[in-house]
1. Could you please tell me which pairs satisfy a Cβ distance under 9 Å, a separation of 6+ or placement on different chains, a first residue in the stretch 98-124 that is free of Cβ contacts under 8 Å to residues at least 40 places away in the same chain and under 21 Å from Ile61 (Cβ atoms), and a second residue that is part of a strand (DSSP E or B) and of a type in the set (Asp, Glu)?
2. Could you please tell me which pairs satisfy a Cβ distance under 6 Å, a separation of 6+ or placement on different chains, a first residue in the stretch 477-490 that is touching a residue at least 12 places away in the same chain (Cβ under 8 Å), and a second residue that is more than 7 Å from the ligand (Cβ to nearest atom) and of a type in the set (Gly, Ala, Ser)?
3. Going by what's in this entry, would Ala171 be described as among the hydrophobic types (A, V, I, L, M, F, W, C), surrounded by 18 or more Cβ atoms within 10 Å (Cβ to Cβ) and not assigned by TED's automatic domain parsing to the domain that holds Thr86?
4. Which one of these does Gln434 not meet: (1) within 16 Å of the ligand (Cβ to nearest atom); (2) touching a His at 6+ places or on another chain (Cβ under 9 Å)?
5. What's the total number of residues in the stretch 112-164 that are surrounded by 12 or more Cβ atoms within 10 Å (Cβ to Cβ), out of contact with any strand residue (DSSP E or B) (no Cβ under 8 Å at 6 or more places or on another chain) and not in a helix (DSSP H, G or I)?
6. From Ala27, Ala23, Ala54, grab the single residue that is assigned to a helix (DSSP H, G or I), touching a strand residue (DSSP E or B) at 6+ places or on another chain (Cβ under 6 Å) and surrounded by 13 or more Cβ atoms within 10 Å (Cβ to Cβ).
7. Applying the selection to the stretch 426-466, what residues are among the acidic types (Asp, Glu) and more than 30 Å from Asp479 (Cα to Cα)?
8. Among the residues of the stretch 499-549, write down those that are among the charged types (D, E, K, R) and under 31 Å from the mean Cα position of the chain (by Cα).
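The values are calculated or read from the model by the stated rules, or taken from the named source; none is laboratory data. None of these values were measured; they are calculated from a predicted model. Glycine also receives a Cβ, built like all others from the backbone with ideal geometry; neighbour counts cover every protein chain displayed.
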Amino acid sequence: MKKRIGDVLIEMGFIDNGQLEMALMEAKKTGAMIGDVLLRLDWITDEQLQMGLAVQSGAQILETSTVTIDHELITKIPLDFVNQHTVFPFAREDNIVKVATANPFDVLTKDELARMTGLRVENYLAPKEWIANAIELHYKRARAIDEEIEKLTVTKAGQEDFAEDQIIKLADLLLEKGNVLGASDIHVEPDNKLVRIYYRIDGVLQQKYIFPKNFQQSLATRYKIMGDMDISNTNIPHDGRFKYQSSVGEINLRVSTFPTHLGETVVLRLLKYSDVVGDLAKHGLEAEDLERFFHYLKQPYGLILSTGPTGSGKTTTLYSALMQINNPNINVLTIEDPIEHVIPTIRQTAVNPKTGLTFGSALRSAMRQDPDVILVGEIRDQETAELALRASMTGHLVLSTLHTNDAASAINRMLDLGINTSILASSLIMVVAQRLVRKLCPQCVEMQPLTDSDKELFIQHSLEPPMETSKPVGCESCDHSGYNGRTGIFEVLGVDRNMEELIATNATHSMIQDSAMQAGTNLMFKQALQKVKSGITSIEEIFRVVANA
Ligand SMILES: [Zn+2]
C-alpha cells in the first residue's frame, strides 16, 4: 500500500508532526487535498510537494551530498540536452545510466536519454537547483577552463619567458579544473620535452594536459610561491601549504616538490575532498599544539598513539595525521574495525573476527605488503601491542589508538600490556589525548561573572582568569540545549630525550606529566579552560567531559 503523502513529507523532513496534524484538520474542514493545504499555509514549496509525490510513487532520491560524478559519462551527453530537460547524468553501472532529475514523471526525456545512450535509464530525484549547479559546474565551467588553458599555453617557437599574469592564471585554472573534476591530487611532471599534468580522480592518476617544457619551471615556481616555499633552491624537496579560493568554495592545498634530473616535480594535494577528516586546526587543535603535533609527526618511523574514550574523535585525529603525511610516494595501509572513512589512494582493511582476521593477524600480513605507514585501528591486546612496536622499530610509521584518559596514561597502559620499557622508550614518538566538548550556541549564549572557585581554577592552571565566562541558555536554533556542534580538546605529548629516559626507567604517571608540562605540553584541563576563556564552551561542559587532574 502506498504511504500517505503527509507521512512521506515528514520522512523527507519538509514538515513536522504538528504541522501535519493542523493541515489534516484544515483539509477535513474544507475538503481540500492535504498537499494543497500545506502549500497554501506556505509550509512546503511546490517543488517539495512534487518530490513528495514522486517518492510516494516509488522514485529514488539522489543523495546529493555524497554523489560521485562520472566525468566520462558527461562527455557523451550534450549540454543542450541536459539544459533543456533539466537532467544531469551522474553515473553509469553496466547497462544502466543513472540520471538526476527534478521531474521523475517526465517519461519522454527518459526515453530520449535511453535512445541516445543505448542504456537503460534510472531516474533519481534531485532538487532543481542542484541539477542546475551540477550542469553549470561540470559542463560549462569544465569546458570554459579547457578553452582558457588552451589559449594560455599556445607558445611561439623558442619562447622562454611568459608574462607573470599568464602563469598565475594558468596555475589557477589547473586548480579550478582539479576542483571541478573532484581530484585529490594534481601532478606537474617534467618530461624530456614536455610537462605533463596529471589529476588523481577516485584514486586513479590520469593525464589531462601536456604543455611545452618551458612552462615547467614557471609553474613549479608559481606553486612554490603560493605555498610560501623557498624558490631559490630547486635541488632539494620542499613542502608547503596554502588555501585557494575557487569559484565553488575554498580548497586547502598541500604542495610538495621533488627534484628530478628533468626538473622539479610538483604534487598538489587538494584537501577539500577529505573534509570529513579535515584540518586538525578545524577540530580545535590550538596553533601551538598543532606545531608540536607536526614536529613529531615528521618522524619517518616509530609509534604514534591517539587516546581517549569511545567517541572522543581519536580515530578522526589519526586520519587527519594520515592525510598530512600521505603522498603518492609512500605506501599506506590501514587495519580498521570498521573502516570509518574511505580515503582514495590508500589501502584499507577491516578486521573480521569471524574469519579470524584480527588486528594481530592482519598486522602480521600487512608487514609483508611493504608499507611505509600503517594505521592500526586500536591496540587492545598484548599481541597487537607487540606487533605494532615491532613494525615501528623496523622502519614503519605506525599510528594507533588506545583507551586511556590522558596522554601519560598511554605509556603506563602499553607497559601493562607487557611491552618492554626500553623498546617503548625508543619507539614511541608522540601521544595525543583528546576529548570532544560541546560548543556554546552563538545565538543564545550569555555572559556571567566568574565565581571565586572558578577563578581559583584558572589560577591553579597558570591562566589569567577572565572577568566573565559564557554560559548556555537555549533557544530555537540549538533545540534549547544551549550548545551547537562540538570541538576537540587535545593534549599533545611528544617523546623527547627526557621523556625517553623516563619511560625507559619506568617513571610514574606524575613524573611523566611533569616532564611533559616542562616541555610545553598543556594538559587536558588547561586546554579545556582555554576554550572556556575564549568563549567556545562553558565551565560546566568541561567538568562534564574532562577530569581536573
Ligand atoms: Zn541557542
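1. Lys98/Glu122; Val99/Glu122
2. Correct list of pairs: Thr487/Gly284; Gly488/Gly284; Gly488/Gly313; Ile489/Ala528.
3. Details: among the hydrophobic types (A, V, I, L, M, F, W, C): yes; surrounded by 18 or more Cβ atoms within 10 Å (Cβ to Cβ): yes; not assigned by TED's automatic domain parsing to the domain that holds Thr86: yes.
So Ala171 passes the test.
4. With respect to (1) within 16 Å of the ligand (Cβ to nearest atom); (2) touching a His at 6+ places or on another chain (Cβ under 9 Å), Gln434 is out only on (1).
5. Residues flagged as surrounded by 12 or more Cβ atoms within 10 Å (Cβ to Cβ), out of contact with any strand residue (DSSP E or B) (no Cβ under 8 Å at 6 or more places or on another chain) and not in a helix (DSSP H, G or I) within the stretch 112-164 amount to 2.
6. Ala54
7. Our first condition is that a residue be among the acidic types (Asp, Glu); within the stretch 426-466, this holds for 446, 452, 454, 456, 464.
The answer is Asp452, Glu456, Glu464.
8. The answer is Lys526, Lys531, Lys533, Glu540, Glu541, Arg544.
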